[in-house]
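Let me begin by presenting the structure, written as structure tokens, before commenting on it.
The values are calculated or read from the model by the stated rules, or taken from the named source; none is laboratory data. Since the model is a prediction, treat every value here as computed from it, not as a measurement. We place every Cβ from the backbone using ideal geometry, glycine too, and count neighbours over all the protein chains shown. Please note that ligands, DNA and RNA were not included when accessible areas were found on the heavy atoms of the full protein model with its side chains. Shrake-Rupley method; radii C 1.70, N 1.55, O 1.52, S 1.80 Å.
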2 protein chains.
Amino acid sequence: MTDTRWLDPTEMAAWRAFLSTSHLLERRIEEQLKSAAGLTHPQYEILVRLADAPDRQMRMTELARGVVVSKSALTYQITQLEKAGLVERATCPSDDRGVLAVLTDAGMRCLERVAPGHLEVVRAYLIDRLTRDELETMTRAMSKTEQALRD
Amino acid sequence: MTDTRWLDPTEMAAWRAFLSTSHLLERRIEEQLKSAAGLTHPQYEILVRLADAPDRQMRMTELARGVVVSKSALTYQITQLEKAGLVERATCPSDDRGVLAVLTDAGMRCLERVAPGHLEVVRAYLIDRLTRDELETMTRAMSKTEQALRD
DNA sequence: GCGCGAAAGTTCAAATCTGAACAACAAGTA
DNA sequence: TACTTGTTGTTCAGATTTGAACTTTCGCGC
């Protein structure tokens, strides 16, 4: 509590810019996905992760960690996606406690249909505005923080 | 829809890192604020903005834009902060439709008490891990996106 | 002065998120 | 084998967010 280390102008500018931008971009993405496919951003991320996974399936806990969401939120969202026919639950062969979330064919098609429009937003507002150098610096910077927070 | 521009590995790495990091950091901050002061991150941001504003007061809409939250969410949060005695509502002299959110003395003291712990988290996971150069590059990159999204 | 499109805040219903509590199972130890 | 500790996924209650609908007020052109 003693001698607080405040942020100097450069640090403050960086933090403010990061904070505002992440929230603004999140809102824009949410809006695009909702209007284009009726999906939320977490739901879209779930589909992406599953599509990238071996056999298009993943354990619930691992998936929750990847998408950065609580276990209960994932339970809820997988149920929603199951109702929509995009994902199915399967029992885990190696662990009777476990549940596998599996991407269905319909889910894969949905993802392929939605991805272009989503990527266009990510490009238009972020990726395409940065130089190669800025992209790499950002990756390096973000990775440090991500690593530190994964504990 | 024709010829989708996918993200190459460098672009994808940058986007993934940004996305995960912002969510992880958000969760960590939320946790710290909740346990240290019973505040949510949006609530804390409201106090910060008001403390920085002339006369410690701001119009609702302007405040909502600053914190990047919907008008209805701000209405809700200001009501919460009012119950806690940290903020008050005042009528706007120049516009009868308007409402001013005003930071109380208790609100200012609360902020001064909570800020150090909050900044420690921002430093520990983000700011202190970046070089001066990375900080500046990040600010430049984020500002481009922020600017593009403020429309 | 009048009317009219735009803006400010609030209210409301619906959806979502989180943490705590819980039940079932795993894995290692005595 | 029986115990103990930790993990997994779900359920539940409570808090929060969002967009749409609505009321009131501005600002302007006529």
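Things to note:
- Assessment of the stretch A:24-33 against the conditions (within 7 Å of chain B (Cβ to nearest Cβ), on the phi < 0 side of the Ramachandran plot, open to solvent by less than 60 Å² (accessible area, probe 1.4 Å) and not small (Gly, Ala, Ser)) yields at least one matching residue.
- Screening the candidates A:26, A:45, A:30 for the property of being closer than 23 Å to residue A:98 by Cα, at pLDDT 95 or above and among the acidic types (Asp, Glu) yields one hit, A:45.
- Complete set of residues in the stretch A:115-136 that are outside any helix (DSSP H, G or I), more than 16 Å from the chain's Cα centre (by Cα) and surrounded by 15 or more Cβ atoms within 10 Å (Cβ to Cβ): A:130
- Selection from the stretch A:91-109 of residues that are within 11 Å of DNA strand C (Cβ to nearest atom) and assigned to a loop (DSSP other than H, G, I, E, B): A:92, A:93, A:94, A:95, A:96, A:97, A:98
- Hits in the stretch A:27-41 (condition: more than 12 Å from the chain's Cα centre (by Cα), in a helix (DSSP H, G or I) and not hydroxyl-bearing (Ser, Thr, Tyr)): A:27, A:28, A:31, A:32, A:33, A:34, A:36, A:37
- Just one of the listed residues (A:88, A:82, A:112) is outside any helix (DSSP H, G or I) and open to solvent by 40 Å² or more (accessible area, probe 1.4 Å), and it is A:88.
- Total residues in the stretch B:42-74, condition surrounded by fewer than 20 Cβ atoms within 10 Å (Cβ to Cβ), within 11 Å of DNA strand C (Cβ to nearest atom) and in a helix (DSSP H, G or I): 7
- Residue within the stretch A:133-151 that is of a type in the set (D, E, K, R) and farther than 30 Å from residue B:129 by Cβ present: no
- Scanning the stretch B:48-73 for residues that are under 12 Å from the mean Cα position of the chain (by Cα) and under 22 Å from residue B:93 (Cα atoms) turns up B:49, B:50, B:63, B:64, B:65, B:66.
- Being more than 16 Å from DNA strand D (Cβ to nearest atom), charged (D, E, K, R) and over 30 Å from residue B:144 (Cα atoms) holds for only one residue in A:89, A:109, and it is A:109.
- Comparison of A:55, A:95, A:133 shows that the only residue that is within 16 Å of DNA strand D (Cβ to nearest atom) and at pLDDT below 95 is A:95.
- Failed item in (1) open to solvent by 90 Å² or more (accessible area, probe 1.4 Å); (2) among the hydroxyl-bearing types (Ser, Thr, Tyr); (3) facing chain A (nearest Cβ under 7 Å), with residue B:139 passing the rest: (1)
- Some residue of the stretch A:75-83 being β-branched (Val, Ile, Thr) and within 11 Å of chain B (Cβ to nearest Cβ): no
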